[in-house]
Amino acid sequence: MQRRGFEEAVDLVVSKDPRYDRDAYTFLRESLEFTLKNSSSRSGSDDRHVSGQELMEGFRDFALQEFGPMAVTVFDEWGIRTTQDIGSMVFNLVEVGAFGKTEDDKLEDFQAGYDFHETFEKPFLPKSWATK
């Protein structure tokens, strides 16, 4: 499959599947870079594959760093409501050649992720609300 520039790939993906905003794909790419940067400092390698689980964790950490308590609001605007949406975006980018995958990677890897409310909202609620 032909390698495309990321912006061109996103144009193609959004024209085929308009569920997710263009900015969501940019954030996903930045999350991948964040994940690689943080994991490569531990593993000593810049060129390695990131599993679905690792990407979801990096996406979560980067979102909390960048958006804090506004993460769910931003993601809702972009069409991202579950980790399954993250996987759908990943595989949309794989389909157009912007992201790579191994034979072991599958969309189902993103199903057993985290709950967005528990991850992005609950930590910012007052303690008295968090127990409800």
Checklist entry - Is it the case that segment 92-103 has a residue that's in a helix (DSSP H, G or I), more than 13 Å from residue 14 (Cα to Cα) and free of Cβ contacts under 8 Å to residues at least 40 places away in the same chain? => result yes
Checklist entry - Considering segment 104-121 alone, what residues qualify as being assigned to a helix (DSSP H, G or I) and surrounded by 13 or more Cβ atoms within 10 Å (Cβ to Cβ)? => result 107, 109, 110, 116, 119, 120, 121
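Conditions tested, residue by residue: (1) part of a helix (DSSP H, G or I); (2) of a type in the set (A, V, I, L, M, F, W, C); (3) modelled with pLDDT of 95 or more.
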{"site": "56", "(1), (2), (3)": "yes, yes, yes"}
{"site": "65", "(1), (2), (3)": "yes, no, yes"}
{"site": "68", "(1), (2), (3)": "yes, no, yes"}
{"site": "77", "(1), (2), (3)": "yes, no, yes"}
{"site": "80", "(1), (2), (3)": "no, yes, yes"}
{"site": "86", "(1), (2), (3)": "yes, yes, yes"}
{"site": "90", "(1), (2), (3)": "yes, yes, yes"}
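The values are calculated or read from the model by the stated rules, or taken from the named source; none is laboratory data. Quantities reported herein were computed from a predicted structural model and do not represent experimental measurements. With ideal geometry, Cβ positions are generated from the backbone for all residues, glycine too; neighbour counts draw on all protein chains shown.
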